[in-house]
Every structure is written in structure tokens, then in C-alpha cells.
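S.K.: Quick one: the structure is below, questions incoming.
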Amino acid sequence: MKSISTAILTSAICLGLGTPALANRVFVSNEKGNDVTVLDSATLEVIGHYPVGARPRGITISPDGKELYVCASDDDLVRVFNPETMEETHTLPSGPDPELFVLHPSGNPLYIANEDDNLVTVVDTKTHKMLAEIPVGVEPEGMGISPDGKVVINTSETTNMAHFINSETYEIFANVLVDSRPRFAQYNDAGTKLYVSSEIGGSVSVINPETQAIDKKITFDIPGVLPEAIQPVGVRVTKDGKKVFVALGPANRVAVINGETDEVEDYLLVGQRVWQMGFTPDEKYLFTTNGNSNDVSVIEVAENKVVKSIPVGQQPWGVVVAPN
């Protein structure tokens, strides 16, 4: 099988384009398809589909772009791939039913939410050894980490809390009660705000990381959409902190929020049951996974405009873009 890089290069030469600059690769985990769809961020076309294990959900990539991590939830493993070839290189222990994870900014360790046993598992990405198991609330789901790597956030769906964990001692030092079924935790790059989405509560809590106080709750009102269909899940913040994007699940919308005022400014119509999102490194595009329409929507960030829908695999769940 050709590597992804070779496939891009060959296609470009066949089209008479000469030797192109390598585009960023976009990796989409398809929960029901048991594979990852790879896209070219320049052409917005599918490069290929690659098997990655049973029920892939959470997906991320190392800061140097050399290792792709996939939560193979029904295999009870994190599978690790070479992003260039999509060949599996090794696995990491995760505990039962890994769903979401987050890498330390340095690339090591990896913090994994294990939904079935109420633990966050910490794994060394170099030695492949488990470093710790941290007891948290019931049904841990979302994972986040502060820009300086000192604080790990876990959200527990049934306990309805955001747990603040010291990344070195693995001890919880604060618990913040949020609205029902918290799904995702995302800091801004300045580390001054933490956004926690609550799927059933229909809100996003804006938390002060220093005091662990909720400064504001963002709610959503979409004309013609029932309130119970507005279910916030994925959250992404631009590097300058000026825009916050929130995936609203079965509302089939992405909310655009002013990151300075935390007020909703727009709603963008995307595919069905929008779940997770990922920026290109230059933040030109934001990709959303739409689980019920089996596609990815491409948002032009500067214009707040959906520019394309790309069919992928069965029930796309997570998305990450290579840093190089």
C-alpha cells in the first residue's frame, strides 16, 4: 500500500501539477465503520480509508506529527499508527472502553478517560507503560489539559462534574459541578478560560481556571429547533481566543461564540448530529464530524461559512489534523 504522502504526490504529478507542497492530513475516526478516513486539507478530498480496530472514537496526534493515537473502544486499547502509512506500530494499555484522551503538550504522557470503570488512565507514550489510574466520577468522558500541561481536566457524565487533576501528582484538587452530562473540556490558549460543554444541560460553562469558579453559562436558542435537540459536545477555540466553536449535536449546528464576551454570534448549519471538530494548523478551516449523515463539514473560519461537505465512513466521531 502506498503511503499517504506518496499517494498525494502521485496524484498531483498525474494531474500535471508538478511536485506539490504536502498538505496537512485530516484523520476522521468512524465509530461504526471501524476505520479512519484520511482527507487532504488542501484539496478537501478523501485520500483513503484504513482499518483501526473496533469502535474507534477519540483520536489525536503527537505534536511532532509522527504518531496517530486512536481509542479503539471495543478493543479496550489505544492503537498507535504511523500517520504517513497508516500502519499500526504498537498499542497502549488503556483500561476498559477508552473514549476520549488528551496528550500532554510535550507529547508524553497520554491521559485516557475509561468510561466503564470510572478511572483516568495515564500512559507513558515512550515506554508504553501505565503510570497511574486516577479515580474520578461516574462515566468519565471529556478530557482537557492546560496549555502549560500542569492541570488535566476530566468530565464525568453521571456525576456532572469537571475534575481538576494535578498532572504530576495525579491528585484531584478541585471538583466543579456543571450542567447535566458534561462531554468536553477545552482551554483557550492563554489558559485564562476553560470551556466545559454539557450535552443534556444544553449549556457551556465558562470556568476560571485559577479559582475554579463558573464565570458564565452559555446557552443556545435556535429558531425552529427544539431545545432538547440542542446538545453541546465538541468545543474548539482559535489561538487568539477570539472565536469559540461549539458542536450542538442533533441540532445540526455549530455555534460561533465571541471569545471575549462569551456571547453567541452565529449558528452554522452543518451535517446531522455534529460531534467533534478540528482546526487546520493555520486555522483556515475547521472540520466537523457529522455522525448521522456520515460526512464532514468544512467551515471557513475567517468567514464563519460552511464551504463543503465531504462523505467519509460510517458514523464519524472524532477528527484531528496533522501539525505538519
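The values are calculated or read from the model by the stated rules, or taken from the named source; none is laboratory data. The structure presented is a predicted model; accordingly, all values stated were derived computationally and were not measured. Heads up, the Cβs are rebuilt from the backbone with ideal geometry, glycines too, and the neighbour counts pull from every protein chain shown. Just so you know, the surface numbers come from the protein's heavy atoms only, side chains and all, with ligands and any DNA or RNA stripped out. Shrake-Rupley method; radii C 1.70, N 1.55, O 1.52, S 1.80 Å.
S.K.: Would you pick out the residues in the range 295-324 that are in a strand (DSSP E or B) and either modelled with pLDDT under 95 or of a type in the set (Lys, Arg) (or both)?
M.R.: Lys305, Lys308
S.K.: Does Val122 count as open to solvent by less than 20 Å² (accessible area, probe 1.4 Å) and assigned to a strand (DSSP E or B)?
M.R.: Judged against the criteria, Val122 is a match.
S.K.: Considering only residues that are in contact with a Gly (Cβ under 8 Å, 6 or more places away or on another chain) and closer than 16 Å to Thr288 by Cβ, which ones fall in the range 221-237?
M.R.: Ile230, Gln231, Pro232, Val233, Arg236, Val237
S.K.: Related question: Looking at Tyr69, Tyr50, which is the one that is open to solvent by 10 Å² or more (accessible area, probe 1.4 Å), at pLDDT 95 or above and among the hydroxyl-bearing types (Ser, Thr, Tyr)? Can you show your working first?
M.R.: Values: Tyr69 fails: open to solvent by 10 Å² or more (accessible area, probe 1.4 Å).
Just a single option satisfies the conditions, and that option is Tyr50.
S.K.: Could you tell me which residue of the range 57-67 is farthest from Asn30 (Cα to Cα), considering only residues that are out of contact with any helix residue (DSSP H, G or I) (no Cβ under 7 Å at 6 or more places or on another chain) and not in a loop (DSSP other than H, G, I, E, B)?
M.R.: Residue satisfying both the conditions and the ranking: Ile61.
S.K.: The conditions are (1) more than 20 Å from Leu103 (Cβ to Cβ); (2) part of a strand (DSSP E or B), and Arg183 fails exactly one of them. Which is it?
M.R.: Every condition holds for Arg183 apart from (1).
S.K.: Across the range 203-214, which residue is surrounded by the fewest Cβ atoms within 10 Å (Cβ to Cβ) among those that are within 19 Å of Glu263 (Cβ to Cβ) and in contact (Cβ under 8 Å) with a residue 40 or more places away in the chain?
M.R.: Val206
S.K.: Among the residues in the range 134-146, are any out of contact with any Asp or Glu (no Cβ under 9 Å at 6 or more places or on another chain) and over 14 Å from Ile165 (Cβ atoms)?
M.R.: no
S.K.: For Gly53, which of the numbered conditions (1) part of a strand (DSSP E or B); (2) closer than 21 Å to Val26 by Cβ fails to hold?
M.R.: Gly53 satisfies every listed condition except (1).
S.K.: Restricted to the range 18-47, and to residues that are of a type in the set (Val, Ile, Thr) and open to solvent by less than 10 Å² (accessible area, probe 1.4 Å), which residue is nearest to Lys284 (Cα to Cα)? Spell out the reasoning first.
M.R.: So the first thing to find is which residues in the range 18-47 are of a type in the set (Val, Ile, Thr), and the list is 19, 26, 28, 36-38, 43, 46-47.
Retained after the next criterion (residues that are open to solvent by less than 10 Å² (accessible area, probe 1.4 Å)): 26, 28, 36-38.
Numbers: Val26: 13, Val28: 18, Val36: 23, Thr37: 20, Val38: 18 Å.
Per the stated criteria, the residue is Val26.
S.K.: Let me ask you something else. Just to be sure I understand the filter: pairs with C-beta atoms under 6 Å, separated by 6 or more residues or on different chains, first member in the range 146-171 and farther than 14 Å from Ile207 by Cβ and in contact (Cβ under 8 Å) with a residue 60 or more places away in the chain, second member assigned to a loop (DSSP other than H, G, I, E, B) and open to solvent by 40 Å² or more (accessible area, probe 1.4 Å). Which pairs pass?
M.R.: Ser167/Lys150
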